[in-house]
Each structure stands twice: as C-alpha cells, then as structure tokens.
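So the structure is just underneath, and the comments pick up after that.
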Amino acid sequence: MAISSLESPAQSHRWRLVALLSVSVFINYVDRGNLSVAAPVLGRELNLSPTQLGLLFSAFFWTYSFCQIPAGWLVDRFSVNRLYTAAFTVWCVATLLTGFAHTIAALLTLRLLLGLGESVAYPACSQLLVRNFSEQERGRANSLIDVGAKAGPALGTLLGGLVVAYYGWRVLFIAAGAAGLLWLAPWSLWAGTDERAPDESGTVGPSLFQVVGRRDTLGTSLGMFCYGYAWYFLLSWLPYYLVVERHLSVRSMALFGALPFCGSALSALVSGWASDNLIARGASATGVRKTFVVGGLLLCTLVLPAAMVHNTWFALVLLTVASLAIGLFSSNVWSITQTLAGRAAAGKWTGVQNAAGNLGGVVSPLLTGFIVSSTHSFFLAFACAAIALLLGAGAYLFLVGEVAPLKWHQWDKSTALTE
C-alpha cells in the first residue's frame, strides 16, 4: 500500500512520528555501540582484559533487560511522550559522561545508567505503532524503525572508528552524547500531544501474568533471546574481532566493520515493504511474517563459516550476507508481536519479549569474553551464535501460532487489582 500524496494531516503525522522514532533508535544504537568501537583503544589505555571488556559490554544489558517489563507496564498506562523524553535524556547524559570516566567502576556505572534509559525505547515504539498503524502497514513502519537500529551500528562503527582513530575515544562519547540531546527539540515540537491512556473505554488490558502465560509469548521471547544472543555478539565484539583476529587497522575496521550493518539496514527496509505488499495482495499474515522471521534466522548462521575461512575479505562478505539475513527477521518480528498483543497489551508483551531478547545481550558478551580469553580464538564464540540462531528459528516455527489478534479478558478499572 503506497502512501498517498493526498494524505490527511493525521496520516502525515503518523509517518513523521515514525521518522522521529527511527532517529531515536539510531541514536540508541550508536550510544550502546560506542564502547565496542572504542574497545581496541580504550582497552589498551585502561589496561582491560577481554574478560573485563566482556563485563562492560554485558553490564548495559543488566539494567536494559531488567527494566523492559516495568517500562512496558508504564507505556501501557501513562504518557508515552513524557516517559520517552525522560528516558532519552538519561541515556544521552550517560553517554556524554562516559567520555570523562577513568576507571572500570565508573564505566560500569555509566553502562548501567545507559541501559536504564534505553529500556523504554522499544515498548514505547510498539505502543505508538499499534495505536497508529494497521496490520498491512506495520511491516513498513517497523522496518523504518529497524533501519535506525541497523544504521546506528553502521554509521557508529564508521564515523565512531574514525573519531577514535584521529581524536581518541573520549571525544567519541562526549560528541555522541551532546549531539543526541539535540533530538529532544523536534520530538517536543512534532511528536504530538496525545496524552490518552491506551484505552479509555473503562477497561484495562490483560494482566502481565496473562501475557506471560501464553505459549505465543514463550515462543516470541525464546526466539528473541536467541536472536539477541547473536545480534549483540556481533554488535559488541565485531570491531574487536576485526582488529585483533583479522588484523585490520582501526581505520580499516571503521570502514569494513560498518558494511554488515549497512547491509542489515537496507535489507530491513526492503523486507518490511515486501512483507506488507504480500499481505496487502492477500497472502497470509502468518505465512509471510513467519517465513521472513524464520528464514532470516536460518540464513544468519552464515556467521559460522565466516569465522572458519582464512581469507579476511571472504569472511567480510559472509558476515555482510549474514547481516542481510538479520534484516529479514528484524523488520517483521515486532509486527508479529504487535498483531498478537493488540493495543491492550502491546507495551507489556514488548517489554517481556525485549527483556528476554536482551538477556541474550547479557550472556553473549560475557561468554564471548571468557571464550576468547580461554582459547585465544573467536571460533567457539561464532559457533555458539550459530546454535542460538537455529534454536530461535525453531521457537518461531513451532511455538508461535497464527499471527492474528488474540482475545484478552478485560475487566473494569475500578475493580482491577494492581499487577
């Protein structure tokens, strides 16, 4: 379905909102990925081992994962705009202050604060999209936001690597944090002032326990954990891997390390539009969404042969193709969740699912650091990522049922108990 040139102001506002959310997610991923880009230089300056770097990579996900569920609960009940404004400010300030850190304790504290702020992003995006977009539009809307998630690591690796090479790692964090705060100006002017609760009919949506108790929730959460393990492995360790094991310079890493993420961003955009068009032409939403999601996870297992080949350039090609496959998954995965949950539960379900996904981000950086320190090689780390991807494909294939709105039991707000 093409966007009409005669859109109403309300329709134009919807896509402007998506653009703002995409930019915010772009900043989100730049800020969480800056440590990975700076790691080869920062690690030498502060004398940090791979195990210590793994701890810092993982620390972000401790608060990020833990806060997903309360963030989802909050955005289902209160002003999304105000919550997102406060959270965005917290994470940009944490990024800026990282440029002044001199100890691993300070870095650890700021990574925890960064995770706290960024935890609101995806529950807020899901609640706003499910309010404003139909099933036939959500692939495109989600893909545009996912472009921000993939362009963040791409440009963050490219430009961040060059900044580190020429000006040092501290400048990278200070500049990124200060520049990110500029987003608050257009957000406050153009995001709109919709202060409605998600449902004003006198009913509230399902309880958190109802959401967690669904087999579909288990499937999407397990699948997201497996995806998160592989994705955050690449996001955290790819720059370090290219410099230490593939022996690229920091400047070469900035260029070639960005290519896989660029491929993923392009793939996400194309896949979101393609899936929506197929559904608009009458294809089953279940068949389309699950084919893209499962196929993307399976194709991404090309990360394992990328670690096995001796030629660095061939390895980069395989990593780029694997990242293209990630775009197939990530442009459709949230459409599945938003359709199943509906407006009444989009924030809660997204919080649960994203918490599980980011537990993968807790595990994979730590485990990778341990593997690299113990074996002095990344091979087993890549093998673990491939196994996780296979398990994730199975979860979406066998545990997630029909992609259609679920019917939730609702009850009067005056008698509802606090969850």
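Here is how the numbers come out for the structure above:
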{"quantity": "Probe 1.4 Å, protein heavy atoms only - accessible area per residue of the chain in square angstrom", "calculated": "38"}
{"quantity": "Computed lengthening from residue 376 to residue 90, 0.36 nm per intervening residue step minus Cα-Cα distance", "calculated": "99.3 nm"}
{"quantity": "For residue 403, residues with placed amide H under 5 Å, excluding near neighbours", "calculated": "286"}
{"quantity": "R0 of 25 Å, Cβ-Cβ distance residue 270-residue 19: FRET efficiency to nearest 0.05", "calculated": "0.90"}
{"quantity": "Accessible-area order (highest first, 1.4 angstrom probe) of the listed residues 67, 92", "calculated": "67, 92"}
{"quantity": "Lysine pair count for the chain [Cα-Cα under 21 Å; pairs on different chains or 8 or more apart]", "calculated": "4"}
{"quantity": "Residue 408 accessible area, assembled protein chains, probe 1.4 Å, Å²", "calculated": "40"}
{"quantity": "For the chain, the Rg and Dmax computed from alpha carbons only, in angstrom", "calculated": "20.4, 66"}
{"quantity": "Accessible-area value, residue 396, 1.4 Å probe, nucleic acids and ligands omitted, Å²", "calculated": "0"}
{"quantity": "Peptides ranked, highest mean first, by Cβ atoms within 10 Å: ranges 93-103, 110-120, 310-320", "calculated": "110-120, 93-103, 310-320"}
{"quantity": "Rg/Rh (Cα only; Kirkwood hydrodynamic radius) as it applies to the range 37-121", "calculated": "1.06"}
{"quantity": "Length released on extending from residue 179 to residue 49, taking residue separation times 0.36 nm less the Cα-Cα span", "calculated": "43.8 nm"}
{"quantity": "Between 0 and 90°, nearest 10: helix 9-45 axis offset from the chain longest Cα axis", "calculated": "20"}
{"quantity": "Carbon and sulfur %, accessible surface of the chain computed with the full protein complex present, 1.4 Å", "calculated": "71"}
{"quantity": "Tilt relative to the chain, helix 285-299 - C-alpha long axis, 0 to 90 degrees, to 10", "calculated": "10"}
{"quantity": "Amide H within-cut-off set for residue 248, under 5 Å, with H built and near neighbours excluded", "calculated": "243"}
{"quantity": "Residue-by-residue Karplus 3J(HN,Hα) for the range 171-180, coefficients 6.51, -1.76, 1.60, Hz, glycine and proline x", "calculated": "4, 4, 5, 5, 5, 5, x, 5, 5, x"}
{"quantity": "For residue 257, net neighbour charge (Lys/Arg +1, Asp/Glu -1) across residues whose Cβ lies under 15 Å away", "calculated": "+2"}
{"quantity": "Dipole-positive endmost among 322, 72, 280 within the chain (Cβ charges, Cα centre)", "calculated": "322"}
{"quantity": "Bins of 5 Å from zero: percent of alpha-carbon pairs in the range 297-419", "calculated": "2, 9, 13, 18, 17, 12, 9, 7, 5, 3, 2, 1, 0, 0"}
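The values are calculated or read from the model by the stated rules, or taken from the named source; none is laboratory data. What you see is a predicted model; the values in this text were computed from it and never measured. Reconstructed Cβ throughout: ideal geometry from the backbone, glycine too, with neighbour counts over all protein chains shown. SASA here: full protein model, heavy atoms, side chains in, ligands and nucleic acids out. Shrake-Rupley method; radii C 1.70, N 1.55, O 1.52, S 1.80 Å.
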